[in-house]
Amino acid sequence: MTRPTGNQMTTIRWPHYTGIFLLSLATLLLELALTRVLSVANWYHFGFLVISTALLGFGASGVTLSLWTKLREQVPLDQALTFIALLFGGVSLASFWVMQWIPFDPFRLLVDRWQIAYTTLYYVVLAAPFFCSGLAIALLLSRGGREVNRLYAADLLGAGLGCAAVWVVMPVFGGSGSVVVAAMLGAVAALAFNSFRLSRLTLLGTLGATAMLVLAFVAEQVLPIRVIPEKRHPLQPVGRPPIYTKWNSFSKIDVYDLPAAPERGRPDPGFRSIIIDGGAAGTGMGDLSAGVRNFLAHAPEYRPAGLAYVGKTHPRVLIIGSGAGRDVLEALYFGASSTTAVEINPIVNDIVTNRMRKHWGGLFQQPEVRLVTEEGRSFVRRSKEKYDAIISVHTLSYAALSSGALSLSETYVLTREAFEDYWNHLTPNGTLLVTRPSSQIPKLFATTREMFDRLKLGSPAGHLFAFKDVSSPFRHTPTLPGFILRKSPLRPEEVDLMAGRLGIGQKGQWADDTGPPEIYYSPFQAPRNQFETLLTDLAKSPDLERIYASSQDLLRPATDDRPFFNQTRRWSSLRHLGFRGVLGAGVAGDPDKAVAEVTLAMLLIQAITVAGVMILLPLVRFNRQGLQASGRGVFLTYFAGLGLGFILIEIVLLQRLSLFLGQPIYTFSVVLASLLVSTGGGSYLANRIRNVSYDTLSYALLAVIGAISLTLLITPTLLWTALSLALAWRVVVAVLLVAPLGIVLGVPFSTGLRLVGEQTPWLVPWAWAVNSFFTVIGSVGAIILGMALGFNAVLIIAGACYTAALIAIRWPQHRRVVSASIVFEGSAIHSNS
């Protein structure tokens, strides 16, 4: 006679729904908060470290539960959930505190042997709270029985609101405080699991939650974030605290007072710098407190080059990424009749227009100036105006602001399609000026050349000019290399005037790290070295593909489908020396090294290795216990396909809609939250299916494949058509695009868990683990595939993942084996329990 398992004895009640909702909310809030914290403490590349490590923690929890029979089947459910949720809160705080003391610097992995130990410890500490929450959720789902659909719906609803909560929590509590708030919500989840009844655990949870709430308000001082010493921006003073600090959902902003440094374009004291994410990017402005007009009239040392304004009188100017206002001031100096300044970060805009308005002397309140808080490319796409000058000075930084936490500095500002937008918004004599490191100037030339070829405009050779400026005031780099594209061909006298403004041929004392100004390319100048020859070839050669193939660098333009302008190396070119050059560098902000590529490759290797070990481990244990089932490959393929497919879809939607909505805050609070909540809605609706079978899963997967195909087909046209709408309507369009797809995505996973739970309950936590591990692989693989093939291809691959899951459960031989083995497996489970 068999004894009933814990799965059969469990009755799901309201505390379980409330608890899993709160715990999932806390987990997503913690994940996104740590993503931002790690971007500040280290480099933005390691946002993916949080995502992948969190999912690895989830996967490890599933493996643990599959091996820990007593917890899975015998321990009272409410008691276990309450204790684990409390543990999540405590471990979240403890792990965050320990993280600050680990000298983790993966870019020194080959020059500091201790980094191997530090990296391992960092991963374990980072994964610990996610292991706790994953263990609680997996335990509840494994005992959920027929209610697993509703439980999963509550889980996803909490996750969706956790994404939206970052928008509110991060600005109020900062990075450290947001981590503490997530830990507090974990304690509240424990109270819910315990039905808020009087007990020692309830008292402990109440005291813990109260203490954490108090701590959240002072966490920035009590638990400060340690920034690695190598991460320092040139405008960031040493040993001087910021005079102002503010967080939002996608950045941390610090403001500093700097002393005079004439060799850096700061002739007077009172310079203020705005530093983003602890040193990832920066901008600054001199003291304008006496008034902008007064400064321009009485500052003889202020002599900007103004190359974009050559040949123009009272130009209409568009500035993409206005920052502290350096380019706005320059536009006023050259008599701009109107200046539209577009800056994505609302904190920066609040500093220059409100909080520190006096220091900026009313720069952004001048009648000719209009400040817009938005992503630059999104603004241009909707603009109906024509401009005499479009300026983008180092807009693309290593802070990766344009798409928030899930980015590796992808941007839509410098794609080939973006150049077409700029070209269409220039007046007949208009000028586009872009500054980037000199190593990226060839990519700008290649982008222009392909744009000219696509639009059948002829040769761009006479429209281009490239330079190195060493005299621009208030610059934030030692030199300012740049690129100019004129809509009308350049004339010799105009090039001579630009050369004079740069100081070409003039006597001067140049700093050792800058050297004299240079002209890299001019229509009237013969190339003098290999670099200038490359620029000339890109502008004039009839065979671009030959140039691309012969270069070690990735010169091919970024596109809206592959918006990775900073990608410097082909994946096929990564070799031992490439890894050595990055992991022994100590600094991540080097555009000449394949930092992003090496980082992603490392994370993918880590994910595959850990996932392989963790999946094989329970298989070995199950085999030893006699729980053998030849059809386990069906479930492995099914849940692996769901994990891969879902994360690929998620990342593609985030990319596609970031340009459409124009602000990272909307990308997360609208897109990701809508996707998770609608997926939860789909899971809830699937609970109405009374008898779950393989046919049920087949129909659900077919619906997903159809929805992916429809999304791939209609998204480009829909987003292009709706881009001119007001923000509120664009939000509606985004939700209407995401929600139907999310609903059908919500059916296969929870319904599959329900079927597995009815047939082979011991496989439920294992299925959770497999899904989590393949989601890790997908989170990294999505970006690698996006960089290599484009995001349209990623969406097609997502459809292939769901197709593989469909084939697995429809494979006749496998289904017969699974059905035949169910009786044996069930008997083995009962006898072993």
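The values are calculated or read from the model by the stated rules, or taken from the named source; none is laboratory data. Everything numeric here is computed off the predicted structure, so don't read it as measured data. Heads up, the Cβs are rebuilt from the backbone with ideal geometry, glycines too, and the neighbour counts pull from every protein chain shown. Just so you know, the surface numbers come from the protein's heavy atoms only, side chains and all, with ligands and any DNA or RNA stripped out. Shrake-Rupley method; radii C 1.70, N 1.55, O 1.52, S 1.80 Å.
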Exercise for the section: Exactly one condition in (1) in contact (Cβ under 8 Å) with a residue 60 or more places away in the chain; (2) touching a Leu at 6+ places or on another chain (Cβ under 9 Å) is not met by His233; state its number. Expected result: (2)
Problem - Test for Arg326: is it at pLDDT 90 or above, within 27 Å of Ser289 (Cβ to Cβ), surrounded by fewer than 17 Cβ atoms within 10 Å (Cβ to Cβ) and of a type outside the set (A, V, I, L, M) - result: no
Completion exercise
The condition of being modelled with pLDDT of 85 or more, of a type outside the set (Lys, Arg) and crowded, with 19+ Cβ neighbours inside 10 Å holds, among Val181, Val218, only for Val181
Exercise for the section: Provide a single number: the residues in region 254-308 that are open to solvent by 20 Å² or more (accessible area, probe 1.4 Å), in contact with a Pro (Cβ under 6 Å, 6 or more places away or on another chain) and either of a type in the set (Asp, Glu) or at pLDDT 90 or above (or both). Expected result: 1
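What is the residue count in region 531-550 for residues that are under 36 Å from the mean Cα position of the chain (by Cα) and under 18 Å from Pro481 (Cβ atoms)? Talk me through it step by step, then tell me what you get.
Initial filter on region 531-550 (under 36 Å from the mean Cα position of the chain (by Cα)): 531-532, 534-539, 543-550.
So of that shortlist, the ones also under 18 Å from Pro481 (Cβ atoms) come out as 531-532, 534-536, 538-539.
Counting residues in region 531-550 that are under 36 Å from the mean Cα position of the chain (by Cα) and under 18 Å from Pro481 (Cβ atoms) gives 7.
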Practice task
List every residue pair whose Cβ atoms sit under 8 Å apart, with the two residues 6 or more apart in sequence or on different chains, where the first one lies in region 340-366 and is at positive phi and the second, anywhere, is open to solvent by 10 Å² or more (accessible area, probe 1.4 Å).
Solution key: Gly361/Ser289; Gly361/Ala290; Gly361/Gly291; Gly361/Asn294; Gly361/Phe295; Gly362/Gly291
Exercise for the section: Taking only region 773-802 into account, find how many residues are open to solvent by less than 10 Å² (accessible area, probe 1.4 Å) and closer than 13 Å to Leu55 by Cβ. Expected result: 6
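Would you point out the residue of region 154-165, among those that are of a type in the set (A, V, I, L, M, F, W, C) and open to solvent by less than 10 Å² (accessible area, probe 1.4 Å), that is farthest from Ser39 (Cα to Cα)? Write out each step before concluding.
First, the residues of region 154-165 that are of a type in the set (A, V, I, L, M, F, W, C): 154, 156-157, 159, 161, 163-165.
After this cut, where a residue has to be open to solvent by less than 10 Å² (accessible area, probe 1.4 Å) as well, the list is 159, 163.
Numbers: Ala159: 21, Cys163: 17 Å.
Taking the candidates together, the pick is Ala159.
Restrict the check to region 309-318 and report whether at least one residue is touching a Leu at 6+ places or on another chain (Cβ under 9 Å), surrounded by fewer than 24 Cβ atoms within 10 Å (Cβ to Cβ) and modelled with pLDDT under 95. Let's see the steps before the verdict.
At the first step, the residues of region 309-318 found to be touching a Leu at 6+ places or on another chain (Cβ under 9 Å) are 310-311.
From what's left, surrounded by fewer than 24 Cβ atoms within 10 Å (Cβ to Cβ): 310-311.
With the extra rule that they be modelled with pLDDT under 95, the set shrinks to 310-311.
Yes: one or more hits.
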Handout entry: Candidate set: region 522-545, residues that are over 23 Å from Leu497 (Cα atoms) and of a type in the set (A, V, I, L, M); chosen: the one least open to solvent (accessible area, probe 1.4 Å)
Key = Leu538
Completion exercise
Among helices (runs of 4 or more DSSP H) completely within region 462-572, the ones holding 1 or more residues that are polar (S, T, N, Q) are 530-540, 544-550
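Do we have Ser397 as open to solvent by less than 30 Å² (accessible area, probe 1.4 Å), over 26 Å from Pro481 (Cα atoms) and modelled with pLDDT under 95 here? Full working, then the answer.
Working: open to solvent by less than 30 Å² (accessible area, probe 1.4 Å): yes; over 26 Å from Pro481 (Cα atoms): no; modelled with pLDDT under 95: yes.
For Ser397, the condition - open to solvent by less than 30 Å² (accessible area, probe 1.4 Å), over 26 Å from Pro481 (Cα atoms) and modelled with pLDDT under 95 - is not met.
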Problem - Filtered residues of region 688-708 (kept if touching a Phe, Trp or Tyr at 6+ places or on another chain (Cβ under 8 Å) and either β-branched (Val, Ile, Thr) or open to solvent by 20 Å² or more (accessible area, probe 1.4 Å) (or both)) - result: Val704, Ile705, Ile708
Fill in the blank from the handout: Over region 408-456, the set of residues open to solvent by 20 Å² or more (accessible area, probe 1.4 Å) and among the β-branched types (Val, Ile, Thr) is Thr427
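Which residues, taken from region 268-292, are of a type outside the set (A, V, I, L, M) and in contact with a helix residue (DSSP H, G or I) (Cβ under 6 Å, 6 or more places away or on another chain)? Even if it seems obvious, please write down each step before you answer.
Step one: list which residues in region 268-292 are of a type outside the set (A, V, I, L, M), which gives 268-273, 277-279, 282-284, 286-287, 289, 291.
Across region 268-292, the qualifying residues are Asp277, Gly278.
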Exercise for the section: Tell me which residues, restricted to region 367-377, are farther than 23 Å from Leu414 by Cα and surrounded by 17 or more Cβ atoms within 10 Å (Cβ to Cβ). Expected result: Val369
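Select, from Arg562, Arg621, the only residue that is at pLDDT 80 or above, open to solvent by 30 Å² or more (accessible area, probe 1.4 Å) and among the basic types (Lys, Arg).
Details: Arg621 fails: at pLDDT 80 or above.
Just a single option satisfies the conditions, and that option is Arg562.
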Practice task
Mind listing whichever residues of region 709-740 are open to solvent by 60 Å² or more (accessible area, probe 1.4 Å) and closer than 29 Å to Gly145 by Cα?
Solution key: Pro740
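When you look at Ser133, is it polar (S, T, N, Q) and under 31 Å from the mean Cα position of the chain (by Cα), yes or no?
yes
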Handout entry: Which listed residue is in contact with a helix residue (DSSP H, G or I) (Cβ under 8 Å, 6 or more places away or on another chain) and open to solvent by 10 Å² or more (accessible area, probe 1.4 Å), from Leu685, Leu648, Leu675, Leu661
Key = Leu685
Problem - Any chance Leu55 is at pLDDT below 80, under 19 Å from Cys163 (Cα atoms) and not aromatic (Phe, Trp, Tyr) - result: yes
